[in-house]
Amino acid sequence: MSAADEPRSWEEEFETIVGDQGMRYAAASSGGGGVGIAAAVEDDFGVGDNAGIESESWKYQVVEFLKGLAEMSVVLGRGCRDIVKQNLMTEDCYVVKKFGGPCAKIGEKLRFLNEYLPEDRNPVHAWTVIFFVSIIAIAALNVNPEHDTVTPFIKKVYIHPPNASRILLPDGRHLAYWEQGVSAERARFSMIAPHSFLSSRLAGIPGLKTSLLQEFGVRLVTYDLPGFGESDPHPNRNLETSAMDMLHLSYAVGVTDKFWVIGYSGGSLHVWAALKYIPDRIAGAGMVAPMVNPYEPRMTKEEKYKTWEKWTPKRKLMYFLAHRFPMFLAYFYRQSFLSGKHGQIEKWLSLSLGKGDTALIEKPMFEEFWQRDVEESVRQGNVKPFVEEAALQVSNWGFSLADLKIQKKGRGKGIILWLKSMYSQAKEELTGFLGPVYIWQGMDDRVVPPSMTNFVERVLPGAMVHRLLYEGHFTYFYFCDECHRQIFSTLFGEPEGPRPIEIEQTPIQEDNEDTEEVTVGDSALDCDHLSSII
């Protein structure tokens with residue numbers, strides 16, 4: 001019998017009807033065919049592997065969801081674009097009326113840029129993409145990974161133990177001071193130096209060497225202003241009380257003769273007060289970059305303009321607040337130098353510095369000195385003295401610098417005073433400060449601009465001004481040995497060293513018997529001499 005006539009199994013018959021679909025059925029086991037068929041179905045369709053079915057279904061659902069989300073976003077974007085065109089891009093729209101003309105003009109001027117685009121690109125779409133891509137690229141370039149990952153070290157303010165010498169003032173306050181140079185007995189010249197804003201008695205003349213003080217025989221006394229350092233605050237401070245504090249200090253430290261005053265920057269404010277209120281005790285004054293009230297009514301418009309234009313906007317705001325609303329300064333001070341953390345001087349005081357000053361403040365020597373001086377200045381943590389000092393700089397001083405000008409004292413008006421002036425030959429009295437005033441001004445100073453010194457020179461013709469061509473605010477006064485020598489030579493002349501100590505020689509007393517014999521002998525000789533004359 002042929003193969004075609006041989007009987008076929010049901011599986012072969014099923015294949016001939018439905019065709020070969022790639023399904024394979026395992027042969028029935030000896031225990032029965034039902035179990036083998038069930039196993040084959042599970043094997044081919046994965047009915048027995050539930051985990052595989054779940055993983056494939058989740059992947060499929062996520063992919064389809066993302067596709068649908070993308071299609072919906074595209075449709076939404078097109079819909080928004082159509083709404084904008086229909087409502088905002090019409091001729092009657094306010095935006096088109098307001099900005100349509102200028103935008104069209106700008107578009108005409110920039111139309112030549114379309115030549116750089118491919119011919120099949122819409123300029124509106126192309127330049128929009130280029131614009132946003134440029135913004136993203138610039139933002140990415142401005143990101144500094146080192147700045148994001150490295151946290152800068154912030155040094156906290158350390159309050160040192162008290163170590164200042166103090167005197168008791170007549171009103172019960174204590175004033176802290178510091179002495180440098182030769183002793184009071186050997187000093188040829190005595191100098192008293194008030195400090196500037198955000199400073200202390202430790203400043204004095206920064207970097208001044210003791211050997212230079214010894215060479216010129218100078219005794220330098222610096223002190224803390226009320227409320228600064230270790231000095232007690234004053235309940236009602238003004239420039240006259242500041243001059244009185246300086247006077248009491250001079251007597252307390254044994255300065256009985258006239259003394260010199262030296263001021264730097266804002267410290268010159270108290271030097272001006274000393275020249276006004278205690279001129280008889282001042283031998284002379286030396287000032288470096290002296291501060292003047294920027295609201296001084298005697299300043300010309302040009303002097304005011306050249307002064308204010310050198311300052312940063314924040315510094316101008318600080319002066320305005322100090323002049324009008326000083327109470328608001330407390331907020332800014334607590335956020336900066338009273339925050340308990342160290343910071344940069346140009347940021348705290350909103351300074352605009354030249355190249356020389358910028359290079360100087362970046363040196364470790366300056367930073368160490370500055371931080372120690374600030375720590376002493378803010379020791380008490382009280383914001384009131386700083387607000388008072390800032391307000392004093394820009395308020396009414398109670399006098400004008402023109403009052404310090406040397407001039408004849410007026411005799412007053414009236415017939416009696418006129419008759420006295422006719423018949424009396426009294427000497428003409430002079431008013432103002434009669435001693436010398438020396439000023440050093442850096443021409444690259446942006447903190448105390450040269451226009452302030454020009455004003456001082458105009459109202460005080462007797463002041464001797466030294467203009468320093470390439471010096472800034474700090475470079476001539478801080479850590480400059482040659483500069484310090486020039487200042488001392490100008491003030492005191494040639495160095496002569498300290499005064500020699502005078503040794504008092506006590507006479508040697510002899511015994512009483514010898515003394516009487518000598519006396520008697522001398523008397524006898526005198527008598528014989530007188531008798532011979534007679």
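Since every read-out is calculated from the coordinates, none of them should be taken as a lab result. Computed from a predicted structure; not experimentally measured. Cβ coordinates were reconstructed from backbone atoms using ideal geometry, including for glycine residues, and neighbour counts include every protein chain displayed.
Miscellaneous remarks
- Label zone of residue 283 (point 7 Å out along Cα→Cβ, amide N under 12 Å): in the stretch 451-481 this covers no residue at all.
- Net charge of the neighbourhood of residue 169, taken over other residues with C-beta under 11 Å away and scored Lys/Arg +1, Asp/Glu -1, is -1.
- Spin-label proximity, residue 494 to the stretch 189-217 - amide N less than 16 Å from point 7 Å beyond Cα toward beta carbon: 215-217
- Long-range amide H partners of residue 197 with built H, under 5 Å: 266, 267
- Of the trypsin sites (Lys or Arg not before Pro) found in the stretch 265-363, no site is in coil according to DSSP while having at most 10 other Cβ atoms within 10 Å of its Cβ.
- Rounded to 0.05, the FRET efficiency of the residue 434 and residue 341 pair, given R0 = 41 Å and the Cβ-Cβ distance, is 0.30.
- With a cut-off of 14 Å between beta carbons, the residues surrounding residue 199 carry a summed charge of -3, where Lys and Arg count +1 and Asp and Glu -1.
- Global geometry of the stretch 298-396, whether rounded, prolate or oblate, following the gyration tensor of its Cα atoms and the 1.5 cut on a/c: oblate
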